[in-house]
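The values are calculated or read from the model by the stated rules, or taken from the named source; none is laboratory data. On a predicted model such as this, the values are computed, not experimentally measured, just so you know. In this analysis, Cβ positions are derived from the backbone assuming ideal geometry, glycine residues included, and neighbour counts consider all displayed protein chains. These area figures cover heavy atoms from the full protein model, side chains too; ligands, DNA and RNA do not enter into them. Shrake-Rupley method; radii C 1.70, N 1.55, O 1.52, S 1.80 Å.
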Amino acid sequence: MPRALILALLLGCLPSGAPGIPVSRGDTADGWLERGVPLPEAGPGFVRARPGEATRFGTPSLVGALVRAAGAVAEAHPGGAALRIGDLSWPRGGRHPRHGSHRAGRDADMIFYARDLAGRSVEGRGWIAYDREGVGVAAPEHGGEVRLFDDARNWALVRALVLDDAAAVQWLFVSRGVKARLLRYASAHEPSRRALFRASWVLHQPSRGNPHADHFHLRVYCERRDAALGCRDRGPRWPWLRRDVEKVPFGGDARDATLLRALLEPL
């Protein structure tokens, strides 16, 4: 039984969510999920990497983020291979045999988009790790095939996620080499400074464990309703998702005094 649940039971303060509404409890490494939303087996621009398995449940914000982002990539780059989405959480969350997290419905794995040596979009493989040059070679037991990191589609996925405020993305875990490659590509092709700024913070190699050179690990924040029911976030909350941060009025009629006052006010 998760420690957060034990503590809540001992304190007699485990509030109930509204009937039928999904709730994420605890944190991603020591939590659980109630009435999770299932990710479909397939949809516009995506397929499940483990079809038929039950590890496809998450919060509405997580599942919605995945569906919207995959659809955005398919629209921006039509005709390519679908995004392969791996594990989310079990229907009720809790311990997962393949992960130390994925317990509270706020984590999902996505296999990188890939190209073959001829430059054609091909199905991504979860066991192929990519270096800074964007080259990945499968182990001999997996055929030894060579894949190239699809910069355009992988960046389009990152872009869609970090600009989707409804998704409330906290992290996109990737290796440092993959992060450097994505930001290098974006610096040459991305017109939105907002997307670049957000991605520079959200893309992150975990300090421990798997460096994530072969897939994205998406993590979203607790939904506001869930925070009142025991959902806990670890780590920073990005300023663009903080409701207490005033939007600086950069409209055409903004006066210097107004801008200066907004910049000097403490966050």
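Computed with every protein chain present, the accessible area of residue 96 is close to 10 Å² [probe 1.4 Å]. The three principal axes of the C-alpha atoms in the range 149-245 carry coordinate ranges of 41, 32, 18 Å, sorted with the longest axis first. Between residue 118 and residue 197, the FRET efficiency from the beta-carbon distance, with R0 = 51 Å, is close to 0.90.
Treating r as the C-beta distance of residue 41 and residue 208 and R0 as 41 Å, the FRET efficiency rounds to 0.80.
Amide hydrogen proximity for residue 231: with H placed 1.01 Å from N in the peptide plane, the residues at 5 or more positions away or on another chain lying under 5 Å are 26.
Ligands, DNA and RNA are left out, and with a 1.4 angstrom probe the accessible area of the range 35-186 is 41 Å² per residue. Sorted into 5 angstrom bins from 0, the C-alpha pair distances of the range 35-162 split as 2, 12, 20, 21, 19, 15, 9, 2, 0 percent. For residue 205, the residues whose amide H sits under 5 Å from its own are 174, ignoring neighbours fewer than 5 places away on the same chain, with H placed 1.01 Å from N. Once a ≥ b ≥ c are taken as the square roots of the eigenvalues of the Cα gyration tensor of the range 94-195, is the result rounded (a/c under 1.5), prolate (a/b larger than b/c) or oblate (a/b not larger than b/c)? Oblate.
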